1. Here's a check for you: in region 337-375, which residue that is assigned to a loop (DSSP other than H, G, I, E, B) and of a type in the set (Lys, Arg) is farthest from the ligand (Cβ to nearest atom)?
2. Specify which of the listed residues (ARG375, ARG400) is modelled with pLDDT of 95 or more, closer than 25 Å to ALA293 by Cβ and in the same structural domain as GLY261 (by TED's automatic domain parsing).
3. Given the conditions (1) touching a helix residue (DSSP H, G or I) at 6+ places or on another chain (Cβ under 8 Å); (2) within 20 Å of ASP23 (Cβ to Cβ); (3) in contact (Cβ under 8 Å) with a residue 40 or more places away in the chain, report the number of the one that PHE55 does not fulfil.
4. Every residue in region 274-289 that is closer than 15 Å to TRP238 by Cα and either open to solvent by less than 40 Å² (accessible area, probe 1.4 Å) or of a type outside the set (Asp, Glu) (or both), please.
5. All but one of (1) under 16 Å from VAL83 (Cβ atoms); (2) touching a His at 6+ places or on another chain (Cβ under 9 Å); (3) open to solvent by 60 Å² or more (accessible area, probe 1.4 Å) hold for TYR32, so report the exception by its number.
6. Identify all residues within region 376-408 that are open to solvent by less than 40 Å² (accessible area, probe 1.4 Å), β-branched (Val, Ile, Thr) and outside any loop (DSSP other than H, G, I, E, B); write none if there are none.
7. Would you say TYR201 is of a type in the set (Ser, Thr, Tyr) and within 22 Å of the chain's Cα centre (by Cα)?
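The values are calculated or read from the model by the stated rules, or taken from the named source; none is laboratory data. What you are looking at is a predicted structure, and each value in this text was computed from that prediction instead of being measured. Don't worry about glycine lacking a Cβ; one is built from the backbone with ideal geometry, like all the others, and counts go over all protein chains shown. Remember, those area values only see protein heavy atoms, side chains included, never the ligands or the DNA or RNA. Shrake-Rupley method; radii C 1.70, N 1.55, O 1.52, S 1.80 Å.
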Amino acid sequence: MSGIFGAASRKGNCIQSLYYGLDYHSHLGTDYAGMAVYRDRGIERKIHDIRGENFRPKFRHAYEKMSGPYGIGVIGYDIQPVVLSSRLGVFSVVMNGYIHNLDAIIARLQSEGSTFAEIQPDSTISPAEVVAEIISRADSLEAGILSVFALIEGSVSLLVMTKDGVYAARDREGHSTLVIGENGDGFAVTTETTAFPNLGYRTIAELAPGDIFLISGQGISRRCGADPRLGRPCAFLWIYTSFPASSIEGINVEQARYRSGALLARRDRAAGFTADIVSGVPDSGVGHAIGYANESGIPYARPLVKYTPSWPRSYMPSVQTTRDLIASMKLIAIPEIIRDKRIVLCDDSIVRGTQIRRMVKEKLLVNGAREVHIRIACPPLLFPCIYNESTRTTRELAARKAIRILEGSDIPDISGYLATGSAPYRRMVAAIAQGIGAHSLLYQDLEDMAEAIGRPLEGVCTYCWTGLSGERREHPVGMGLDLDRNHRAPHPPHTEGPEAA
Ligand code: SF4
């Protein structure tokens, strides 16, 4: 997941909005960040590795030096923005998403004479440069963006800056979001609406899936009709990824988490379950826990507090053991609150189970908790994301490990484990609970998760839990490329597949 932000200033300098607007995307977990501005003599850009230092101090110098009426930027995992000089003029691109068939597209473009200069530190070609190259071959920016949508397998939302302003395009399935705001100085487009209030922007439009808008100092204009079908934004945007102050499709993230916790509490109440205190794993479990506490009447407490001054970033390290270590070091237990209590601990999800196991065993039980009951805001994760960068593999998911224990080996058909409440599902959940050391474990079911979000089930992406993509692809539009679409990496539903990301 990356965050992208663009700004267009009526007064001629967007850099303050760009700098602070991008900074509000720092929670998205990052390796690199970049900004580009359009000015008279062309496009100026700055890119930094921010693994060791936060965005704002790293870009302070650029902020003081750069200026221009239009700007775009990104906080993400690749080296961006890219800048291209083409027959369409000079333009710059940032993107958020993941392209499965990147290698096939690169091979075809190279066979047709394209060369790529933006090599990443791991020697791979920049996906954003591939996107820019596809755009450059079209007769217009809009046609180029449509070609990107038609050719890629996966999900891409992007910003393209030209002398005319900033083109904003949301991916055709709507997995990621883009929202346009206006303030006294102009317009901005953002992944997270959290960036808007303190910069004085009010939301004036949310791009629909497939939408293309142009923002400039003069105003905004829609350049392409959106796909009228219902988009499928990532359900995790509400459950985990987005900052609580953000709204997606007009639905606030924090409120969705309250509803999620309340629905879990109702299921516990119906089962006659109670406890002494409710808590949330900081930070993304807190909203769910508040919702649970308010609905159940069980007091909210903080048996685990997060030490933030020297640990500014949440899931930055790419090495799992380092991530686990940092997650554990950040959380400090308070024995006086924990001792002799029956504790409900809410979290957004269980990925590998290593972090929650440490919390249960090494922070709560060791400090005298009488019982620990884990409540999770989504169903058991069974498939790695196929629409964004994912650090998880199928085999390492806690639910897959539980199935492997129950079956004695990996099995090709896991469909029996998908139905909430079925005997295999209950055995799988019991095995996960045992693995993490919890006295009980309750997962939100799909229907309640959609209800908490406030959209119909078919209106959110649920691939992580179902293995069903629900993609709505059509035939690619022309631009001289006719890629073989049969190369597509298989993601068969309900089977033990290869590492997806
Ligand atoms: S596969 Fe999972 S993480 Fe990826 S977009 Fe769909 S719901 Fe979100």
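1. Within region 337-375, the subset assigned to a loop (DSSP other than H, G, I, E, B) is 339-341, 348-353, 368-370.
Pick out the ones that are also of a type in the set (Lys, Arg) and you get 339, 341, 352, 370.
Working: ARG339: 37, LYS341: 33, ARG352: 15, ARG370: 35 Å.
Among those residues, the one meeting the criterion is ARG339.
2. Details: ARG400 fails: closer than 25 Å to ALA293 by Cβ.
None of the others qualify; the one that does is ARG375.
3. The failed condition is (3).
4. Looking only at region 274-289, we keep the residues that are closer than 15 Å to TRP238 by Cα, and these are 283-289.
Within region 274-289, SER284, GLY285, VAL286, GLY287, HIS288, ALA289 meet the criteria.
5. Single failed check for TYR32: (3).
6. Within region 376-408, ILE376, ILE403 meet the criteria.
7. Details: of a type in the set (Ser, Thr, Tyr): yes; within 22 Å of the chain's Cα centre (by Cα): no.
For TYR201, the condition - of a type in the set (Ser, Thr, Tyr) and within 22 Å of the chain's Cα centre (by Cα) - is not met.
Matching residues to (1) farther than 25 Å from ILE290 by Cβ; (2) assigned to a helix (DSSP H, G or I); (3) more than 13 Å from the ligand (Cβ to nearest atom):
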position	(1), (2), (3)
ARG426	yes, yes, yes
ALA431	yes, yes, yes
GLN434	yes, yes, yes
LEU441	no, no, yes
ALA450	no, yes, no
ARG455	no, no, no
TRP465	no, yes, no
